[in-house]
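Notes follow once the structure below has been shown.
The values are calculated or read from the model by the stated rules, or taken from the named source; none is laboratory data. Note that the coordinates shown come from a computational prediction; the quantities given were computed from them, not determined experimentally. Cβ sites come from the backbone with ideal geometry, for glycine too, and all protein chains shown count toward neighbours. Areas reflect the complete protein model, heavy atoms only, side chains present, ligands, DNA and RNA absent. Shrake-Rupley method; radii C 1.70, N 1.55, O 1.52, S 1.80 Å.
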Amino acid sequence: MSTGIPCECLRWNGTDNIGVQANFALKGVEKSSEDTYVVTLTVSGNGYNGTGPMTFVLKDGLIASLRIS
């Protein structure tokens with residue numbers, strides 16, 4: 001059954017997010033262009049722990065891409 005979610009997102013969710021009980025704390029949001037936002041998060045859990053940016057690009061009000069740096 002297809003969820004409509006790209007395989008890469010499902011894999012990331014299982015290995016680096018819900019699969020390791022990740023928690024996200026929002027540290028800041030910066031609009032870097034008309035449709036691009038950089039969100040800084042602190043991540044904690046049983047996997048990656050630290051602070052880093054996630055870049056969201058919107059198209060027609062929806063997320064068109066997400067880059068985790």
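General remarks:
- Taken over the stretch 50-69, residues that are open to solvent by less than 90 Å² (accessible area, probe 1.4 Å), modelled with pLDDT of 90 or more and either assigned to a loop (DSSP other than H, G, I, E, B) or at positive phi (or both) amount to 2.
- Of all the listed residues (VAL29, VAL39), the sole one being among the β-branched types (Val, Ile, Thr), in contact with a Leu (Cβ under 8 Å, 6 or more places away or on another chain), free of Cβ contacts under 8 Å to residues at least 40 places away in the same chain and in a strand (DSSP E or B) is VAL39.
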